[in-house]
Amino acid sequence: MPTCRRKRVVLTEPSPALANALKSDPRKDVYFLHQTGEIFETYEEYAARMSFYRLKQFQCEVTGKSGLDYFQALESERQEASTLHSRFSEPLKPAILKAVQWQVMGRLDHLVEAVYERFKDRYYKGERVLVDISGTKYYAIVDVVYPPKYSNDMKARDAYQHAVTTQGEDQEYPHVIGSDLNVPVKDANARDDPRLYYYWVTLKELEKDKGHDKGKAAAKEKEGSMVGSVMEVQCDMLSRDRLSFSKSILRRFIRDCVDRDAAVASPWIVKPAIAHRYGVDSVMPEETRKGVENIKKGEIDKRKKVWEEKEGPPTKKQKKMTAAQEEKARNAAAAADKKEREAHAKAEKQRLAKEEAERIAAEKKKKKPIRYPTEDLDIRLTEKDKKAGMKLMRPPGSRSLPFNDYPDTFESFLMTWNFLVVYGQPLHLSTFTLDEYEHALRHNVVDLPCPLLAEIHSTLIYNLRNVPFTKNAAHFSFTRYRDAIKVNGMIDERIMGVDVEQFLTAMGSVGGNWERVPLRPSESREGWEDALMGCLQDHATLDNFPRLREIMTQLLFDPEPELDPAPEASSSRSGTPQVSSPAERYYALSPADRIAILSFLCNKAISSKTVHTFIETCEEQLTALRKEKIEVNRIKKQYLEEMNALAGESKEEEAPAQNGTEDTPVPEPSDLSDVSASEGGSESTPSLSARQKAVKTKDLRLKAQTQALAKQREAARQKQASIKHAVAEHRRLDEEVNKLERRLEGIEREFRKLLAVVRVKPLGRDRYYNRVWWFDGMGAGSLVGSGGVAQYGAGRIFIQGPSEFDLELLGQQPQDELQQRRLEEEGPDGMLRPNEWIMYSDLEELDEFVAWLNPKGHREIALKTAFTKWWVHVTAGIKKRSADLNVTAKLPEARRSSRTKHGSSHDVSREPYMIWVNRRAVNSS
């Protein structure tokens, strides 16, 4: 049984009211948890119990694995128990279970030690053992066990073996005394010595040698000649495989098979089902019961004695008192008891008063400041926030979503477009915008086919040729439906006046060779409508595509046949739809039916090998991008450190360079004259005149000044060159950092594209768990085109209502307060139900929505961070879409009928969705 916090999980019993309802109201609806067999009266109880079981806090009792939910722990226990029982020796099980039955031991480890010591040298008939013959081990089966009374007489053993094997006499049950844990070990070995047992074994095979020594292998082959022989051995030559018998295996086996109560000195009891299977007595013998009670009583007395010793030594024995003394003692005891009660009441009163004072003081004490970010719904806007400009109400957004007039169609429309764009590379399909996809689905001009629809269906059909299917699956499904109608006597509900027999006849004549139709791009994918019919016939059934019959009937029959000029022909077929071709009838389908077809094809295509291979490739590329991002960030950090070091050096060198002439010491003329005079005076002769001395002194002074200025200019040139070099190096590093930042931006864009292939995630959630979606730049789509031009796919921000799980989280809040708050912050038209959508296609509304987000909450700060990260691309896509809508002429409100030629007032062929070209198309046959 799985454990939770070291305690076994107790299953919930049905309430008394539910048990009584079994008699009074046996058809009452209940909630049944089939994994555990528990029954609940309300869904809240069922959901709470299921949530408890799904927590990762359970532990497998057999293996000790933790961090599992209840069902994983239960499955782990089942698998381990199955493995354990298959490995454990079957003949040994009843002997061990009989030995541990009714044993009183405090710890399971002690019981395992006792059992292991008793049975490690005792073997039973039918056991698979290892026999050691001169260092070579053989697997063998025990055929006969000879008790100790035959140990000294070989002839008696032979007679006993002959009686057991040939005459069919029952063999004596061995080790009866030795396996009895109630008998001390020494007495058991003395009365039933395991070394006196003889075993008649049959050698089956050599033990597998795990080494790679060729010499040993050759020796093993020679020794293998003994396989199949029979021999007589004793326990010192026998052993068991450690995978089938060891202390750890034995402990797991006993723990799985026995149990005991929590009371003091409770015996270990074999579980009833296991005891019944192995013939273990489940009724405790009277002698054993008395022994268990004596042990329990002794344990209780022992604990009581220990407790009394802790309380203190007993008082000395008093002399027998008279009646007056006894009365006086009773009065004194009563008075002391009364005084003690009064003191206790007074202390309790003081304690309560102190607690009340502490509570009042704690309430008056200033509350601790909230640490942000926190739970979004715990945050309320203050007057300071309102004055700072935070929006109180979320902008309502637009509910004019594509195909929103068809129930449950918008999500399928969005899903199919996202699938076709994300997996455009393996499908060989160029990207297209959500607007182009919408207009293509609304296209209904028969004599002007839409190339986008042809390419989409053709690529999906090519992909589904590699997905396993059942030939004529739809035909079989409709045949079963027809037979069920006949058997049950029901009336066939006609679709467009066509019964099921007419439908089956018409369906069998279309699309039979769809998996080999070329559908070449150079031929405008001619014949894709018939191939679509064949694909639906082999992949779709009434179970996986409920609207299959309605859609295929519209593709096969024309409800408005052209009237024949002959009156006889006209009257003969009036009111009966005529068989038509899918190529003529496809454009008469409603957009909801077209989306239903594409949704079914996309759900089938996701299981194709092509898509799976592409997903695995993208996961590998994601791993490579993560590594590259780490490396780029490391190099960027290194460059920034070098730039900071260069900037510091430049500042240090610029300061002395600016005032270098002032700091450089220049010799004074007086100093030079003195030096030169002293030098010249020692060398001059008395014959030199005073004029010659003055000239010589002047020359020396000029020479010193020239040398000093030259040194100064050289130092200045070196400093300027160093500064110039540092500036150039700083500029070079800055350019490298800019390149790395651009590469990081490219990595983020590539990461978004590849991650969408694995799983499409929303940007985030707001405080009311509404999910915010941005679908641009995913899969085959791109955010930036050639030359840095912005690109978009949807060009809008979509907001989806909370999921059912999120509604449960909202349900934990006070409903009256929550409803009032939602009216204030979302407005009556802004509250979204599950699967309800709105969109922001205007930049002003999007700015207001981002300003409405409160960064103090966990969810909204993450959402606002995501918007900040992608804001440039989000706004660029919205602007680009608005510009394209302004340039492109608006589509007419209603398309002309497929029976009418398009007029010259509006040229549909020049619409963006009509001039779209699939540049990834592959010509194949």
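Readers should treat all values here as calculations from the given coordinates under stated rules, not as data from a laboratory. Computed from a prediction, not measured in an experiment: that's the story for all the values here. Here Cβ is always computed from backbone atoms with ideal geometry, including for glycine, and neighbour counts include all displayed protein chains.
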Original post:
All other residues with a Cβ under 11 Å from the Cβ of TYR768 taken together, and with Lys, Arg as +1 and Asp, Glu as -1, what is their net charge?
Top reply: +1
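Compute the FRET efficiency between ARG480 and ALA883 as 1/(1 + (r/R0)^6), taking r as their Cβ-Cβ distance and R0 = 51 Å, and round to the nearest 0.05.
On the way: r = 55 Å, r/R0 = 1.07.
Computed FRET efficiency for ARG480 and ALA883: 0.40.
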Original post:
Order of LEU453, LEU709 from fewest to most other C-beta atoms within 10 Å?
Top reply: LEU709, LEU453
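Need the full-extension length gain, GLN812 to GLU526, defined as separation in residues times 0.36 nm minus the C-alpha distance. One decimal, nm. Before the final figure, lay out the partial values.
Working: separation 286, 0.36 × 286 = 102.96 nm, distance 5.75 nm.
Result: 97.2 nm gained on full extension.
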**OP:** With θ set to phi - 60°, apply the Karplus curve 6.51 cos²θ - 1.76 cosθ + 1.60 along the stretch 137-142 and write out the HN-Hα couplings as whole Hz, x wherever there is a Gly or Pro.
**Re:** 9, 10, 7, 9, 10, 6
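Classify the stretch 321-459 as rounded, prolate or oblate from the Cα gyration tensor: take a ≥ b ≥ c as the square roots of its eigenvalues, call it rounded if a/c is under 1.5, otherwise prolate when a/b beats b/c and oblate if not. Show your work: numbers first, answer last.
Details: a/c = 6.18, a/b = 3.29, b/c = 1.88.
Prolate is the answer for the stretch 321-459, as a/c is 1.5 or above and a/b outweighs b/c.
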Original post:
Taking the Cβ-Cβ separation of PHE751 and GLU848 as r and a Förster radius of 41 Å, what is the calculated FRET efficiency to the nearest 0.05?
Top reply: 0.90
**OP:** Taking amide H positions as placed in the peptide plane 1.01 Å from N, state which residues far from LYS137 in sequence (5 or more) or on other chains have amide H under 5 Å from it.
**Re:** GLU207
Original post:
Mind checking which aspartates and glutamates have their C-alpha under 18 Å from LYS693, skipping anything on the same chain fewer than 8 residues away?
Top reply: ASP671, ASP674, GLU679, GLU683
**OP:** Specify the inter-centroid distance of the stretch 424-440 and the stretch 40-71, based on alpha-carbon positions, in whole Å.
**Re:** 45
Original post:
Rounded to a whole number, what is D in µm²/s for the stretch 452-568 from Stokes-Einstein with the Kirkwood radius over alpha-carbon pairs (4 °C, 1.567 mPa s)?
Top reply: 82
Original post:
So who's got an amide H within less than 5 Å of the one on ASN835, skipping anything under 5 residues away but keeping other chains? H placed 1.01 Å off N, in plane.
Top reply: GLY801
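Can you list the equivalent-ellipsoid semi-axes of the stretch 712-868, largest first and in whole Å, using the square root of 5 times each Cα gyration tensor eigenvalue? List each step's numbers first, then the result.
Values: eigenvalues 457, 86, 38 Å².
Result for the stretch 712-868: semi-axes of 48, 21, 14 Å.
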Original post:
Counting pairs of Cα atoms in the stretch 86-298, how many percent are more than 27 Å apart?
Top reply: 40
Original post:
What is the distance, in nm, between label points placed 7 Å from the Cα along the Cα-to-Cβ direction at VAL176 and at GLU714?
Top reply: 11.7
Original post:
Which ³J(HN,Hα) values, rounded to whole Hz and listed in residue order, are derived for the stretch 73-79 from phi using the Karplus coefficients 6.51, -1.76 and 1.60 in 6.51 cos²θ - 1.76 cosθ + 1.60 with θ = phi - 60°, glycine and proline given as x?
Top reply: 5, 5, 5, 4, 5, 5, 5
Original post:
Once you have the alpha carbon radius of gyration of the stretch 1-102, what is it after dividing by 2.2 N^0.38 Å, with N set to its residue count?
Top reply: 1.42
**OP:** Subtracting the Cα-Cα distance from 0.36 nm times the residue separation, let me have the gained length for ARG78 to VAL758 in nm, one decimal.
**Re:** 241.4 nm
Original post:
Once phi is turned into θ = phi - 60°, what whole-Hz ³J(HN,Hα) does the Karplus curve with 6.51, -1.76 and 1.60 give for every residue of the stretch 172-186, x standing for Gly and Pro?
Top reply: 5, 6, x, 6, 5, 7, x, 8, 7, 6, 6, 8, x, 4, 5
**OP:** May I ask which of LYS98/LYS290; LYS637/LYS856; LYS627/LYS753 have a Cα-Cα span longer than 21 Å here?
**Re:** LYS637/LYS856
Original post:
Separation between the ARG289 and ARG260 pseudo-spin-labels, each 7 Å from Cα along Cα→Cβ, expressed in nm?
Top reply: 2.0
**OP:** Can you check what the net charge comes to around GLY512, using other residues whose Cβ is under 11 Å from the Cβ of GLY512 (Lys, Arg +1; Asp, Glu -1)?
**Re:** -1
**OP:** Please work out the FRET efficiency for the pair ALA156 and THR63, using the Cβ-Cβ distance as r and a Förster radius of 45 Å; give the result to the nearest 0.05.
**Re:** 0.40
Original post:
How much net charge surrounds VAL233 when only the other residues with a Cβ under 13 Å from the Cβ of VAL233 are counted, with Lys and Arg +1 and Asp and Glu -1?
Top reply: -3
Subject >> For GLN57, distant residues with modelled amide H under 5 Å away >> reply: LEU68
